[in-house]
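This report concerns only the one structure given below.
The values are calculated or read from the model by the stated rules, or taken from the named source; none is laboratory data. From a predicted model like this one, the values you see are computed outputs, not experimental measurements. Backbone-built Cβ (ideal geometry, glycine too); neighbour counts: all protein chains shown. The area values use the complete protein model at the heavy-atom level, side chains included, leaving out ligands, DNA and RNA. Shrake-Rupley method; radii C 1.70, N 1.55, O 1.52, S 1.80 Å.
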Amino acid sequence: MSNKAKLTADPPRPARRDVPVLEPAPEQGLTAEQVRERLDSGWANEAVESPTKSDRQIIRENILTYFNLIFAVLGVCLILVGDFTDLLFELLVVANTAIGIVQQIRSKRTIDKLSLLSAGRATAVRDGELTAVKPHELVRDDIVELSAGGQVPADGTVVSGQAQVNEGLITGEADAITKNPGDRMLSGSFVISGKCRFQLERVGADSYASRLTLAAKKESAPAKSEMMRSLDLLIRIIGVALIPIGILLFYNQYTVQHLGLRQSVISMVAALIGMIPEGLFVLTSVALAVSVIRLARNRTLIHEMSAIETLARVDVLCVDKTGTITGPDMEVREVVPLDPGSFPEADIAEILGAFYRAMDADNDTARAVANRYPDGPDWRVSSVVPFTSAAKWSAVNFTAPHGTFILGAPENVLGSEFAPLERQTREYARQGCRVLLLAQADGAAEGAISGIVIPLALLVLENPIRKNAPKTFAYFHSQGVEVKVISGDNPVTVSAVAAQAGVAGADAWVDARELKSDQEIARAIKKYAVFGRVVPNQKRKIVRALQSAGHTVAMTGDGVNDVLALKDADCGVAMASGAEAACQVAQLVLLDSDFSAMTKVVAEGRRVINNIQRASSLYLVKNILSFFLAVITLFAGFPYPFVPIQLTLISALTIGIPSFFLALEPNHDLVRGKFMHNVLRRAFPGGLTAIIVILLAELFVFTFGLKLEELSTICVVLMGINGLMVIYYAARPLNFPRTVLLVSMSASFLIVTVTAGSSFSMHSLTFAAWLVLVVLVGLLVPTQIGFEKLFDYCSIRMAARRQMREESRKRRKRVT
């Protein structure tokens, strides 16, 4: 089997057979033989479903569609009446379906490859050694070691150690829960701090997350974007209208107008083909698939296709400081003893060495200090209080004579006694540094420090600002995207770092501890660009407040404390180097953990959605004309003026080819408004113009007694010119590639009608017919220009009214 096949084929899962339940020692784990026995017996931690559709599903979903069935029935109707020339449209249907299949399979394989690269790893204890394995390679009874940032891969019981776990993705509650030996761990939760080993008991489909289809792990289809919902609604409306209109149109042509069976069938087929936007869904699928592949080349993994459209509409970007503005690695810049006489720097080094010999360095700050002081004395420990995002400190209770030492944010450790150190810490914070306080106390337990707290030393740490950060923020500022920096660090520090990175309004900061209510947060998002000392649940509330204010919010992050906000944001973007839980809930993952890639990601989202909107208007012009023309034909007694092969020509040169070129062009403007409103705004002027000139053509033809063949030829020319004008308006402002496209389509249409018109059922015209054609072409151009100006005027007036209503609403809200 080829490597490519291995990436896409799901291996057969063995049927489950009973194997004995084991309780291996936490330090020993299972043996290799016991692991193999469980894998062969079907007790692996396999996912319930593949994260992407199989090749067979993609092929089936592209072939077995409602409109493909309609096209097949229409083809059979033409064959039954002996009209084989007009079957050319079936080739376009086959080509559209094939293009959709190929591009979606390419996209799927790209996602599968990136998913393998970005797949999380679990640490299992096997044969007495720690082994990194993929989550699906774990088996029941495995001993797994978890530390901060790790996500629980299956259900089990803690057998050693202690950890604080957030079960917010399961219960919706963000509070940390301490897990001790004997406590249950549920899949889908993640570790905030501490380290523990637990034994897997329920794996794969038996786990809690699989049974409840957990949001962070669920394999069901994500919510559809506004664009896809609009397209689905359009398809439902057209699908319902097709059958009754087709039946009534055939009845009218055959029974009322007595055009004969063959001509009535041909007219009915032509009308229905014109009403079906046969290439619109293929265009959308291909454009999105190409976008996924382009993003993959920039090392970006897309979890949800709807994220591409969301990115195009983002007007607020929330970022964390660490890992986004700055690099992930933190360093200790200096240590400042506060009582050098009693505790000189050598004593501080000894305390910190002993501290991190007892305490797991389970976050970036702790690792920086532990790396600075790797060798410490082995003091006897009575208990350890791990770091939590809520408390912002950790502690180790040593036995006598050493006592208790606390390390954390100075204001949190000292509380009301922080004032004497405030000026000193603020100065470091202004330089963009993070400051920790080492203190001594009588004792410490979870969330509480007992006795007198004695400050011993300040630890000054810093993260280097990413090289491309200033350029990245300058890009977002130029694109009208507002940046909010949300961090758990000191707001003065965050403000200084944000200013160095070029974040607009970085001097406007607030300490999130002052924001006690949702109303205060809602007011703060309008005033401040930097939020410091933010706890995880506040990040979530800030994102929700921005959404309530009408913004489309993207959130970037890499830590456990970012998970809830990433999940609630319109588009969550995680760094692959960060916590596994963050990568699981985000819609996009930056595999190189390079924040500067966001410029390309947002630009790609805007490009694809803007171009789909532009190209979609070309399709709807034909659909609007065909629908209204079919309805008018039912009541006016006019014959339907087109045959299927003529619509194939018009669709190819004025819709199909131009739409694919326009859909893949650069276009980085912010997407505004509703998708269907934007598309109809561009389509209606051309559609209404086409209806008017086609109806006038039928009136002139009947007035002058011209033949039906001449009417059909006149209408093809008018529709071609109308379609070329629609391309012109859709492609504005014209640049060199768009001008080449417009000129080439115009030349192609002229050449085909002059040299191969008979192949498309076009006939020579009499002088009277030429006169009608010239008059109507002269009328078509100013009519369409007039409709375009009218719709522009109406759009401006409607936008002005919306703005006035919004300002009025804001005034009323301020008064209230």
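Some points to look at:
- LYS789 accessible area, 1.4 Å probe, all protein chains in place, Å² to nearest 10: 140 Å²
- Cβ-placed point charges (K, R +1; D, E -1), dipole of the range 701-816 about Cα centre in debye, nearest 20: 1480 debye
- Heavy-atom accessible area order for SER746, SER478, largest first, 1.4 Å probe: SER478, SER746
- Simple spin-label estimate for GLN547 and ARG297 gives 3.3 nm between the two label positions (7 Å along the Cα-to-Cβ direction from each Cα).
- A DSSP coil position with no more than 16 other Cβ atoms inside 10 Å describes none of the chymotrypsin sites (Phe, Trp or Tyr not before Pro) in the range 449-490.
- Angle between the chain longest axis and helix 88-118 axis [Cα atoms, degrees, rounded to 10]: 10 degrees
- The long axis of helix 708-731 is offset from the longest Cα principal axis of the chain by roughly 30 degrees.
- Taking trypsin sites (Lys or Arg not before Pro) across the range 618-712, the ones in a DSSP loop with at most 16 further Cβ atoms lying within 10 angstrom of their Cβ are ARG672, LYS674, LYS707.
- Under the Karplus curve 6.51 cos²θ - 1.76 cosθ + 1.60, θ = phi - 60°, whole-Hz ³J(HN,Hα) for the range 430-437, x wherever Gly or Pro sits: 4, 7, x, 9, 9, 10, 10, 10
- Computed extension length for LYS674-ILE243: 152.3 nm, one decimal, from 0.36 nm per residue of separation with the Cα-Cα distance subtracted.
- Highest mean packing first, where packing is the average number of other Cβ atoms within 10 Å per residue, the peptides 593-601, 502-510, 443-451 line up as 593-601, 502-510, 443-451.
- Here's the list of aspartates and glutamates a cross-link from LYS471 could span, going by alpha-carbon distance under 20 Å and ignoring same-chain residues fewer than 8 apart: ASP315, ASP320, GLU482, ASP507, ASP592, ASP594, GLU604, ASP669.
- Using 0.36 nm per residue and subtracting the Cα-Cα separation, the extra length available between ASP592 and ALA98 on full extension is 174.5 nm.
- Long-range HN-HN contacts of ARG333 with modeled amide H, under 5 Å: VAL460, LEU461, GLU462
- At full extension, HIS477 and LEU790 could sit 109.3 nm farther apart than now, given 0.36 nm per residue minus the alpha carbon distance.
- Sequence-distant aspartates and glutamates (8 or more away, or on other chains) whose Cα lies within less than 14 Å of LYS134: GLU46, ASP142, GLU145, GLU580
- Cross-link pairs beyond the 32 Å C-alpha cut-off, checked among LYS179/LYS526; LYS392/LYS526; LYS179/LYS541; LYS179/LYS539: LYS179/LYS526
- Ellipticity estimate at 222 nm from DSSP helix runs (n ≥ 4, -39,500 (n - 2.57)) divided over the chain, nearest 500: -17000 deg cm²/dmol
- Between GLU446 and LEU233, the modelled label-to-label distance comes to 4.9 nm, taking each label 7 Å out from Cα in the direction of the beta carbon.
- Legend: calculated FRET efficiency, SER764 to PHE704, from the Cβ-Cβ distance at R0 = 22 Å, rounded to 0.05, equals 0.85.
- Between amide H atoms placed 1.01 Å from N, distances below 5 Å from CYS318 occur with LYS484, ALA554, MET555, THR556, all of them 5 or more places distant or on a separate chain.
- Along the range 490-502 the Karplus relation, 6.51 cos²θ - 1.76 cosθ + 1.60 evaluated at θ = phi - 60°, assigns HN-Hα couplings of 4, x, 5, 4, 4, 4, 5, 5, 4, 5, 5, 7, x Hz to successive residues, with x for each Gly and Pro.
- For THR178, the amide hydrogen comes within under 5 Å of the amide hydrogens of VAL165, counting only partners 5 or more places away or on other chains and with H modelled in the peptide plane.
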